[in-house]
Structures are given as structure tokens and as C-alpha cells.
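The values are calculated or read from the model by the stated rules, or taken from the named source; none is laboratory data. Quantities reported herein were computed from a predicted structural model and do not represent experimental measurements. Every residue, glycine as well, gets a Cβ built from its backbone with ideal geometry; the counts of neighbours run over all protein chains shown.
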Amino acid sequence: MTMAFFGLTALGPQNAFEVNSTTFRYIQVFDEQDFKDAWIKVNGPDALHVHRPRLPLVFKALFHGPVPANEQGPISEAFENGVFETPETISLDSYLKIMVRLREEADEQSRAREGRPNPNCEFNSTSEMSLAIRKNAAMKHELQTKLTAPLTGTQEYGWSKQDLKAPTAGRGGSDITKFAAELIKNGIYY
């Protein structure tokens with residue numbers, strides 16, 4: 001079961017690998033009230049219709065930022081010209097029906113994947129993965145294309161592009177260090 005906690009966090013799937021995979025659909029964490037709240041936030045409580053250019057603002061309010069890449073395709077397909085009552089206007093009821101349908105489709109896709117490996121997984125067992133590592137086989141996808149965010153400290157280390165540098169400090173007994181310390185004590189900085 002999925003739900004939204006003040007519209008800020010995805011508490012539904014308690015699986016960090018699923019939530020951060022590139023196939024996860026964020027729309028399934030919202031309910032109908034969240035869809036309506038986003039509409040009201042952008043258009044006001046009395047707005048029953050909205051012009052097409054305001055829809056991206058509604059989606060931005062719903063997701064608390066830009067629409068995730070996984071949702072852009074399904075949302076744009078669902079809100080094609082055919083769903084508008086007039087050429088450039090959509091009603092609140094039509095918007096809610098479409099968003100609920102999109103959420104149900106995402107839930108159905110999630111249920112269909114239950115018990116099966118994630119589509120981004122390349123191995124079904126540890127022995128297959130170990131064999132591929134021993135053979136130094138190339139992976140189908142890089143780590144950055146499988147997940148949207150690093151999941152552990154090891155993966156974060158692998159994702160960072162900074163060079164590693166050993167910490168440096170002067171030796172306390174060195175003549176140069178003593179000389180620099182005396183200069184600093186006397187207010188001479190360079």
C-alpha cells in the first residue's frame with residue numbers, strides 16, 4: 001500500500017532499491033486529495049477549469065518540484081489534446097480522473113513486478129554475479145543509469161568525481177614550522 005506523508009516523502013514501498021530505480025513511478029505515492037490540493041494551490045479553490053499552460057504548474061506543485069523523468073512520458077501522453085473539453089481548457093473532474101487512472105496504472109505495474117527482479121537487475125543470483133566479476137565482464141548498464149541516487153556510502157564514493165588527497169600538516173619540530181608560527185604570533189600573515 002502506498003501513501004503520501006504530507007506530500008513530501010514516498011513511504012509506500014519500504015525498499016530503497018525500488019524507490020531509487022529508474023523504473024519507479026512516483027505518482028503512486030499520491031492519493032486523490034493530493035491531486036486536488038495541487039490543483040487548488042495553483043488555480044485557487046473555486047477554479048473548475050484551467051487553461052493548458054497552467055497544467056505544468058499544477059504538476060510542479062504536486063511533485064514539489066519538476067516532474068520526475070519517469071513520469072513525464074505517461075503524464076504528457078495522458079494529457080494530449082483529446083482530453084480537453086475545449087481546445088485549451090480542462091476541468092477539475094477530468095484532471096482528477098486522469099491522475100487517478102495514472103496512479104492505478106503505476107500501482108498495477110508495481111504489483112506486476114512484485115516477486116520478480118527489478119528490470120535494472122542484471123543477475124538473479126550471487127554466483128552469477130561473482131562469475132561475471134571474476135571474468136571481468138562488462139555490465140549492461142552503468143550504475144548511474146540504473147539508479148537515480150546512490151544508496152550506500154560505497155556507492156556514493158563511487159559516484160563522486162573528486163580526487164582523493166591525503167591530509168597534509170606541518171611537522172611541529174621543523175624549523176620552517178617554528179618560523180611560520182612566530183610570524184603568525186607577531187601578526188605577520190602572507
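Structure summary
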| read-out | value |
| --- | --- |
| Those residues of the range 119-178 which are modelled with pLDDT under 70 and part of a helix (DSSP H, G or I), in sequence order | Leu143, Gln144, Thr145, Lys146, Gly153, Thr154, Gln155, Glu156, Tyr157, Gly158, Trp159 |
| Residues of the range 79-93 that turn out to be assigned to a helix (DSSP H, G or I) and surrounded by fewer than 16 Cβ atoms within 10 Å (Cβ to Cβ), as a count | 4 |
| Index of the failed condition, Val50 passing every other in (1) assigned to a helix (DSSP H, G or I); (2) touching a residue at least 24 places away in the same chain (Cβ under 8 Å) | (1) |
| Where a residue in the range 23-42 is free of Cβ contacts under 8 Å to residues at least 24 places away in the same chain and its partner, wherever it lies, is of a type in the set (D, E, K, R), with Cβ under 7 Å and at least six apart | Val42/Arg54 |
| Given (1) outside any helix (DSSP H, G or I); (2) modelled with pLDDT of 90 or more, number of the condition Lys41 does not satisfy | (1) |
| Residue match in the range 75-84 (condition: of a type in the set (A, V, I, L, M), within 28 Å of Glu142 (Cβ to Cβ), modelled with pLDDT under 75 and out of contact with any Asp or Glu (no Cβ under 6 Å at 6 or more places or on another chain)) | no |
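To keep it simple, each residue is scored yes or no on (1) in contact with a Phe, Trp or Tyr (Cβ under 6 Å, 6 or more places away or on another chain); (2) under 23 Å from His49 (Cα atoms); (3) among the aliphatic types (A, V, I, L, M).
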position: Thr86; (1), (2), (3): no, yes, no
position: Ile98; (1), (2), (3): no, yes, yes
position: Cys121; (1), (2), (3): no, no, no
position: Ile133; (1), (2), (3): no, no, yes
